[in-house]
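The structure appears right after this line, and notes come after that.
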Amino acid sequence: MTEQGRELLERNKVDDAIRVLERAVSLNPGNGQNYYYLAEAWLLKRNIKQAEEFNDLAGTYLEGDQTWMVKVEEQRKRIQKSSLAPQ
């Protein structure tokens, strides 16, 4: 499901991706990648608060994976930058 959500995001089907990824979280709440992609989806929808929340969760669950933590930190910076941009 994580991969399906990622692919939907790549195809700019953000609402569909959110549905798939929320289901993935309900089935496997310890998979930090689901939270990362949910943060990405909410960032695309310009919902900064939701993006921040899911980015924080991604960081919590992916803490031991250095490769993913680089992505999480880069995403965090993009979220912060978006929060400062005019809507």
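Some notes on this structure:
- Heavy atoms of the protein chains alone define the surface here; on that basis the chain has 61 Å² accessible area per residue at 1.4 Å probe size.
- The value for the chain of Rg(Cα) / (2.2 N^0.38 Å) is 1.00.
- The Cα atoms of the stretch 1-52 give a gyration tensor whose axes a ≥ b ≥ c have a/c of 1.5 or more with a/b no greater than b/c, which makes the shape oblate.
- Dividing the summed helix terms, -39500 (n - 2.57) for each DSSP H run of n ≥ 4, by the number of residues in the chain produces a 222 nm estimate of -25500 deg cm²/dmol to the nearest 500.
- Split the accessible area of the chain by element, probe 1.4 Å, and carbon with sulfur accounts for 48%.
- Residue 84-residue 11 FRET efficiency (beta carbon distance; Förster radius 30 Å; 0.05 resolution): 0.60
- Proximal lysines relative to residue 49, as straight alpha-carbon distance under 19 Å, when same-chain residues fewer than 8 apart are discounted: 71, 77, 81
- Taking every C-alpha pair closer than 8 Å and separated by at least 6 residues, the mean separation divided by the residue count of the chain gives a relative contact order of 22 percent.
The values are calculated or read from the model by the stated rules, or taken from the named source; none is laboratory data. Remember, predicted model here, so these are calculated numbers, not experimental data. Reconstructed Cβ throughout: ideal geometry from the backbone, glycine too, with neighbour counts over all protein chains shown. Surface areas here come from the heavy atoms of the whole protein model, side chains and all, with no ligands, DNA or RNA. Shrake-Rupley method; radii C 1.70, N 1.55, O 1.52, S 1.80 Å.
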